[in-house]
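Step one of this worksheet: look at the structure below.
The values are calculated or read from the model by the stated rules, or taken from the named source; none is laboratory data. Computed from a predicted model, the values in this text were never measured in an experiment. FYI the Cβ positions are ideal-geometry reconstructions off the backbone, even for glycines, and counts take in every protein chain you see.
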Ligand SMILES: [Cu+2]
């Protein structure tokens, strides 16, 4: 396509940066691998920011009636912690893995729309800066990550924090949608010959379904944010009771986004686990079609459960029952997958690498988080426990014990591909055990705190013996988690410099990303092996016992 | 490449984008429906909107869907000149619609109405405003295509695919207006 003449010199300069390498190439790049790394590094930086916020909160709560943080600052910090971890860490770190890995997994040179890919990343980075700029613009948002109206309206949040919050999420969300669209277009149009949907690696499958969730759920958030901004900036009336507007409407629109968002934060994690567990168990995934199909079921159901976040509103008996039932139903396809993974490990020759430790811990932690989630589907239990520390415990078991553990499993698994070097297994084991112990110390006791009635989002608490002890334990756990992150950072930095050389395929794995060098060349592949099953590299290494021949034999015997 | 849509990647992209944008508009329109009748005493759809005059502008916008289709079809048949003419007509029709929208807003402002007046005003200006923004962006896209035809745009298949994607977006903008017109101007004023 011929370029618009005015833009030509600028474009030429950018293209030169891109080809000459060096620091400036990171700004100009449209290569999915570089953009993927940018996503991962940026989300790591925001993870550190969100982690510091968490430690500040836990330090405030280490003893009762503490005066370390004042109430207003505490509100800002928990709002920033939640918003950061969800929008700037968990979602983008998964997007980063998707952006880096999908073209490699499907044997493509790049995304279908590489410039859109770069655009999406920069929207994310600038949106994140916009959120953090609120600290310098006098105050950060303080109405919680779901910003319930009317608390988030002008009369109750009259400084600019909420406006930064809404604008930032609009910008970040637009980038997320762009990546979702790009993933769908890429998997639809860029797969190599033989890479049918029945041969697609499960990580790519999960990413594809995840992208449909993004594309379907983010616009609800955008609509909510736009309406909030109209109320705040143009004195609109959407959520103002005095003018007849309904604050409950905000909750409906927000959770129409918010619940699918939970799965947006967890489906790619399922994908990581579905790659890691088979490779380290030396077995084919048990029930490939079931894993993919049950995820489609989750995606569809996830749009029909939003009001389980609103049982305390008083929607009426009938609606409560409907949403309780749908919420329990969605646990079924999720639970099915746990059995798929366990069955994959069953009888396998398991190699306990750090990656595998994290994957196995994921199974246990995520199951605990899933079970406490099913508890919340029981309406009276929700009424009893909503807005207590039990919710905090539940959602951290899903997002940290679940997604974060899976992401660590993925990082240890794919780091050799990203960098050409292995992460240290010795440091990795330290990292794993510190994370595992720190995490469970921090959050297991919060189940009890919640059942003992301690409300969340309060900056301090009275001197009750049990609360005092449990909060102290929780804070110590958080410090251990802090140390574990330092160990992880050290491992990443040290191993990137002088880790053991990885080679193309250090894990003896089966998907296409391991068929090229580590790190892959700009064009990704010199040669892509033929794809005739979901494990093309297995077929390549074992010509006497290929998956596709076995499948064909089975079919013939069946007839 | 075995991807089924290798030649239609722009279409896959724009159709999923349209799906996403439809959900965005669905929520804005839901707000209007939900709050309908809650603006007692103040301006509401019945005492402010003129379905006849806006209906005429609506027909003009919907006609532009036909012309953009004619333009896109001409480009697919490589009659670039004819494609250019129909594209210009489309841009003109879209422009007239936006002017009509501006006249309507001007009239409402003159009556002292603004976003803050009441729930009807808030939902009306937000929804039609965002629709107008989408029409405006669509016009920019069509103008870019028109500009590029000077430099020979339309000779390559991927360029024609790009234009087809742009025309889908334009149809979408018109389809949203079908929903907005019938819900705000017909159902709202009945
Ligand atoms: Cu939910």
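Structure summary
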quantity: Single unsatisfied condition, residue A:364 versus (1) in contact (Cβ under 8 Å) with a residue 40 or more places away in the chain; (2) surrounded by fewer than 22 Cβ atoms within 10 Å (Cβ to Cβ); calculated: (1)
quantity: Any hit, region A:134-141, residues being within 20 Å of the chain's Cα centre (by Cα) and in contact (Cβ under 8 Å) with a residue 12 or more places away in the chain; calculated: no
quantity: Any hit, region A:341-348, residues being within 16 Å of the ligand (Cβ to nearest atom), over 16 Å from residue A:381 (Cα atoms) and modelled with pLDDT under 95; calculated: no
quantity: Selection from region A:495-523 of residues that are under 17 Å from residue A:533 (Cβ atoms) and touching a residue at least 40 places away in the same chain (Cβ under 8 Å); calculated: A:508, A:509, A:510, A:511, A:512, A:513, A:514
quantity: Test result for residue A:170, within 13 Å of another protein chain (Cβ to nearest Cβ), surrounded by fewer than 24 Cβ atoms within 10 Å (Cβ to Cβ) and more than 18 Å from residue A:547 (Cβ to Cβ); calculated: yes
quantity: Subset of region A:175-191 [within 7 Å of chain B (Cβ to nearest Cβ) and touching a helix residue (DSSP H, G or I) at 6+ places or on another chain (Cβ under 8 Å)]; calculated: A:177, A:181, A:184, A:185, A:188, A:189, A:190
quantity: Scan of region A:194-214 for residues that are crowded, with 22+ Cβ neighbours inside 10 Å and facing another protein chain (nearest Cβ under 7 Å), ordered by number; calculated: A:195
quantity: Residue count for region A:321-337, restricted to those that are buried (at least 18 other Cβ atoms within 10 Å of the Cβ) and within 16 Å of the ligand (Cβ to nearest atom); calculated: 7
quantity: Odd one out for residue A:415, checked against (1) in a loop (DSSP other than H, G, I, E, B); (2) crowded, with 22+ Cβ neighbours inside 10 Å; calculated: (1)
quantity: Condition met for residue A:312 (part of a helix (DSSP H, G or I), within 22 Å of the chain's Cα centre (by Cα) and surrounded by fewer than 23 Cβ atoms within 10 Å (Cβ to Cβ)); calculated: no
quantity: In region B:25-53, residue nearest to the other protein chains (Cβ to nearest Cβ) [restricted to those that are without any contact (Cβ under 8 Å) to a residue 24 or more places away in the chain and closer than 19 Å to residue A:223 by Cβ]; calculated: B:27
quantity: Of residues in region A:295-309 being over 16 Å from residue A:335 (Cβ atoms) and near the ligand (Cβ under 10 Å from one of its atoms), the one nearest to the other protein chains (Cβ to nearest Cβ); calculated: A:306
quantity: Test set (1) out of contact with any helix residue (DSSP H, G or I) (no Cβ under 8 Å at 6 or more places or on another chain); (2) assigned to a loop (DSSP other than H, G, I, E, B) - residue A:82 fails condition number; calculated: (2)
quantity: All positions within region B:9-20 that are surrounded by 17 or more Cβ atoms within 10 Å (Cβ to Cβ) and at the interface with chain A (Cβ under 7 Å from one of its Cβ atoms); calculated: B:9, B:12, B:13, B:16, B:17, B:20
quantity: Meets criteria (over 30 Å from residue A:200 (Cβ atoms) and at pLDDT 95 or above) for residue A:106; calculated: no
quantity: Residue that is farthest from the other protein chains (Cβ to nearest Cβ), among those in region B:132-142 that are surrounded by 14 or more Cβ atoms within 10 Å (Cβ to Cβ) and farther than 18 Å from residue B:105 by Cβ; calculated: B:138
quantity: Counted residues, region B:143-156 - those being within 12 Å of chain A (Cβ to nearest Cβ), surrounded by fewer than 20 Cβ atoms within 10 Å (Cβ to Cβ) and on the phi < 0 side of the Ramachandran plot; calculated: 9
quantity: Some residue of region A:108-116 being under 11 Å from residue A:524 (Cα atoms), crowded, with 24+ Cβ neighbours inside 10 Å and in contact (Cβ under 8 Å) with a residue 40 or more places away in the chain; calculated: yes
quantity: Flag for residue A:318 being under 28 Å from residue A:286 (Cα atoms), out of contact with any helix residue (DSSP H, G or I) (no Cβ under 7 Å at 6 or more places or on another chain), more than 14 Å from every other protein chain (Cβ to nearest Cβ) and away from the ligand (no atom under 16 Å from the Cβ); calculated: no
quantity: Verdict on residue A:258 being in a helix (DSSP H, G or I), modelled with pLDDT of 95 or more, away from chain B (no Cβ under 13 Å) and buried (at least 23 other Cβ atoms within 10 Å of the Cβ); calculated: no
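So that you can scan it fast, the table gives a plain yes or no per residue for (1) touching a helix residue (DSSP H, G or I) at 6+ places or on another chain (Cβ under 6 Å); (2) in a helix (DSSP H, G or I); (3) touching a residue at least 40 places away in the same chain (Cβ under 8 Å); (4) surrounded by 20 or more Cβ atoms within 10 Å (Cβ to Cβ):
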site: A:434; (1), (2), (3), (4): yes, yes, yes, no
site: A:438; (1), (2), (3), (4): yes, yes, yes, yes
site: A:460; (1), (2), (3), (4): no, no, yes, no
site: A:468; (1), (2), (3), (4): no, yes, yes, no
site: A:474; (1), (2), (3), (4): yes, yes, yes, yes
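One line per residue, one yes/no per condition, for (1) at pLDDT 95 or above; (2) in contact with a helix residue (DSSP H, G or I) (Cβ under 7 Å, 6 or more places away or on another chain); (3) surrounded by fewer than 22 Cβ atoms within 10 Å (Cβ to Cβ):
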residue: A:28; (1), (2), (3): no, yes, yes
residue: A:35; (1), (2), (3): yes, yes, no
residue: A:75; (1), (2), (3): yes, no, no
residue: A:87; (1), (2), (3): yes, yes, no
residue: A:100; (1), (2), (3): yes, yes, no
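Matching residues to (1) assigned to a helix (DSSP H, G or I); (2) within 16 Å of the ligand (Cβ to nearest atom); (3) buried (at least 24 other Cβ atoms within 10 Å of the Cβ):
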{"residue": "A:236", "(1), (2), (3)": "no, no, yes"}
{"residue": "A:251", "(1), (2), (3)": "yes, yes, no"}
{"residue": "A:254", "(1), (2), (3)": "yes, yes, yes"}
{"residue": "A:270", "(1), (2), (3)": "yes, no, yes"}
{"residue": "A:273", "(1), (2), (3)": "yes, no, yes"}
{"residue": "A:277", "(1), (2), (3)": "yes, no, yes"}
{"residue": "A:283", "(1), (2), (3)": "no, no, no"}
{"residue": "A:286", "(1), (2), (3)": "no, no, no"}
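This table checks each residue for (1) under 29 Å from residue A:74 (Cα atoms); (2) over 16 Å from the mean Cα position of the chain (by Cα); (3) crowded, with 24+ Cβ neighbours inside 10 Å.
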position: A:181; (1), (2), (3): no, yes, yes
position: A:192; (1), (2), (3): no, yes, no
position: A:220; (1), (2), (3): yes, yes, yes
position: A:232; (1), (2), (3): yes, yes, no
